[in-house]
Amino acid sequence: GLSRCPLCGEAAGRQLEAHLRARHGELLGAPSGGNDEQLYECPMCSLACTNIQILEEHVNLHLEEQSFSEGIDRELAQWLQTEEDNRQRSEEEKREREEFKKLQRQYGLDNSGGYKQQFLKNIEREVDRGRMQPFEYHKRKADMMECLAFGIDDGKTKTSGVIEALCKYYQNENKDVRRVWLSTGVDHFHSSLGDRGWGCGYRNFQMLLSSLLQNSLYNDCLRDTTVIPSIPKIQSMIEDAWREGFDPHGASHFHNRLHGSKAWIGACEIYSLLTSLRIKCQIIDFHKPTGPMGTHPRLFEWVLRYYSTDNEGGAKVLCTSKPPIYLQHQGHSRTIVGIEEKKNKTLCLLLFDPGCPSQEMQKLLKQNSDGSSLRLLRRFVGGLKEKQYQIVALDGVLSLEEKAARCHASQVLTSEKIP
């Protein structure tokens with residue numbers, strides 16, 4: 001029987017009839033006509049029943065039907081929710097796959113070819129658009145193939161003499177620069193048709209190397225590297241460093257292969273390559289801003305100490321023997337070639353950017369008395385506001401024993417963090 005009243009939900013047990021009479025008598029109906037038969041009206045559909053037992057069974061049928069319907073609704077709701085969850089999961093997985101492919105393309109790990117393939121594709125496009133004659137196409141292709149065969153850079157994106165021009169400018173500048181320190185003999189290299197969009201790390205290495213090749217301190221360790229290598233050659237050199245045992249974690253990230261790819265490289269790859277050449281260097285990690293508005297004054301102070309140590313003479317312009325500094329942040333890298341100290345004590349880095357084309361850099365070779373072209377190089381504290389920066393600083397030559405020790409240490413390489 002019913003345990004609860006169908007009208008008010010109270011527990012009634014087997015006393016349903018008494019409960020209905022006492023609490024809901026006005027709904028149950030009264031004896032009809034003049035006879036003694038009493039009819040009981042269903043409170044859910046108004047059907048008249050001749051006795052309370054029939055009414056109870058009838059109401060039970062209503063409740064069972066309602067319960068079945070509610071069960072169907074619950075199952076339907078659960079099915080719909082499951083379908084929605086599956087749809088959202090499928091869309092999320094699709095987004096993740098697309099994002100992963102995007103990152104692979106961005107960092108050159110999508111097997112779409114490397115420097116050679118990109119160069120050929122771009123000069124073919126220049127011909128198709130009428131911006132290059134077929135004879136020039138064939139000449140540039142032949143030149144590129146020859147340079148790749150010998151592993152040397154073609155020099156077509158190189159600008160030399162900028163540091164020397166800066167020295168002359170600062171010696172005559174009397175407005176607001178108190179002192180300036182410069183690395184000597186740094187050539188600028190910018191990205192070409194073969195590495196546009198991904199080659200900044202390699203171009204910065206070429207800039208570092210251009211200075212080292214003019215510094216007699218590094219003659220011994222660079223005796224096998226007497227010219228600036230091409231980007232594919234630099235990729236092979238990094239692979240050689242990995243085979244020696246440098247940075248196995250980083251090597252595995254690139255599946256131990258750079259050659260033939262458009263893979264971006266960063267501070268760890270530059271460190272491994274330099275150390276494999278027995279060049280003493282270190283990675284310094286500026287892992288968070290140290291000034292207001294997301295700035296990094298500690299980075300500027302570190303660079304000033306780097307250049308001014310052992311170079312504290314009275315001259316306004318100091319062309320030091322310090323190698324340039326590799327500067328990395330998320331998505332790009334540049335080369336620090338010097339630092340200015342203004343008369344008001346503010347500091348300004350001088351940067352060679354691989355993204356700056358030769359036509360712009362050559363403006364610095366002209367004697368411009370107002371120094372307006374220096375905007376290409378100058379970066380004040382407010383101009384470096386990425387969340388994190390890394391630098392690779394060079395300082396001397398390693399012995400074979402020191403190189404072996406650093407190779408072992410690089411297998412658990414951690415950078416020094418500036419608090």
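The values are calculated or read from the model by the stated rules, or taken from the named source; none is laboratory data. Please read all numbers here as calculations on a predicted model, not as lab measurements. Using ideal geometry, Cβ is built from the backbone for each residue, glycine included, and neighbour counts are taken over all protein chains shown. Side chains are part of the model used for accessible areas, which takes the heavy atoms of the whole protein and leaves out ligands, DNA and RNA. Shrake-Rupley method; radii C 1.70, N 1.55, O 1.52, S 1.80 Å.
Structural remarks
- The test for being more than 20 Å from S308 (Cβ to Cβ), part of a loop (DSSP other than H, G, I, E, B) and of a type outside the set (V, I, T) does not hold for G382.
- The criterion of being within 30 Å of C407 (Cα to Cα), out of contact with any Pro (no Cβ under 9 Å at 6 or more places or on another chain) and assigned to a strand (DSSP E or B) does not hold for D310.
- The lone exception for K342 - which of (1) out of contact with any Asp or Glu (no Cβ under 9 Å at 6 or more places or on another chain); (2) at negative phi; (3) charged (D, E, K, R) it fails: (1)
- Only one of S90, S67, S112 that is closer than 30 Å to R196 by Cβ and either open to solvent by 60 Å² or more (accessible area, probe 1.4 Å) or modelled with pLDDT under 75 (or both): S112
- Qualifying residues in the range 222-235 (those that are hydrophobic (A, V, I, L, M, F, W, C) and open to solvent by 20 Å² or more (accessible area, probe 1.4 Å)) - the one farthest from P324 (Cα to Cα): V227
- Subset of the range 179-208 (residues that are open to solvent by less than 10 Å² (accessible area, probe 1.4 Å) and among the charged types (D, E, K, R)): D195, R203
A quick yes/no check of all residues on (1) of a type in the set (G, A, S); (2) out of contact with any His (no Cβ under 6 Å at 6 or more places or on another chain); (3) closer than 25 Å to S192 by Cβ; (4) surrounded by 21 or more Cβ atoms within 10 Å (Cβ to Cβ):
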position	(1), (2), (3), (4)
Y307	no, yes, no, yes
T320	no, yes, no, no
E340	no, yes, no, yes
L374	no, yes, yes, no
L400	no, yes, no, no
K403	no, yes, no, no
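- You will find that of H296, H332, the residue that is open to solvent by 30 Å² or more (accessible area, probe 1.4 Å) and in contact (Cβ under 8 Å) with a residue 24 or more places away in the chain is H332 and no other.
- Condition check for F246: in a loop (DSSP other than H, G, I, E, B) and open to solvent by less than 10 Å² (accessible area, probe 1.4 Å): yes
- Residue check, R378 modelled with pLDDT of 95 or more, within 30 Å of G194 (Cα to Cα) and surrounded by fewer than 15 Cβ atoms within 10 Å (Cβ to Cβ): yes
- Residue within the range 139-160 that is part of a helix (DSSP H, G or I), crowded, with 18+ Cβ neighbours inside 10 Å and without any contact (Cβ under 8 Å) to a residue 60 or more places away in the chain present: yes
- Breaking point among (1) farther than 30 Å from G197 by Cα; (2) of a type in the set (A, V, I, L, M, F, W, C); (3) modelled with pLDDT of 75 or more, for I72: (3)
- Checked against (1) in contact (Cβ under 8 Å) with a residue 12 or more places away in the chain; (2) part of a helix (DSSP H, G or I); (3) farther than 25 Å from H332 by Cα; (4) not hydroxyl-bearing (S, T, Y), V127 meets all criteria but (1).
- Residue within the range 218-241 that is under 18 Å from L148 (Cα atoms) and under 18 Å from the mean Cα position of the chain (by Cα) present: no
- A241 meets all of the listed conditions (1) part of a loop (DSSP other than H, G, I, E, B); (2) buried (at least 20 other Cβ atoms within 10 Å of the Cβ) but one, namely (1).
- Boolean, S272 is part of a loop (DSSP other than H, G, I, E, B) and either aromatic (F, W, Y) or surrounded by 15 or more Cβ atoms within 10 Å (Cβ to Cβ) (or both): no
- The lone exception for G291 - which of (1) open to solvent by 60 Å² or more (accessible area, probe 1.4 Å); (2) within 27 Å of the chain's Cα centre (by Cα); (3) more than 18 Å from V392 (Cβ to Cβ) it fails: (1)
- Any hit, the range 251-272, residues being within 16 Å of the chain's Cα centre (by Cα) and free of Cβ contacts under 8 Å to residues at least 60 places away in the same chain: yes
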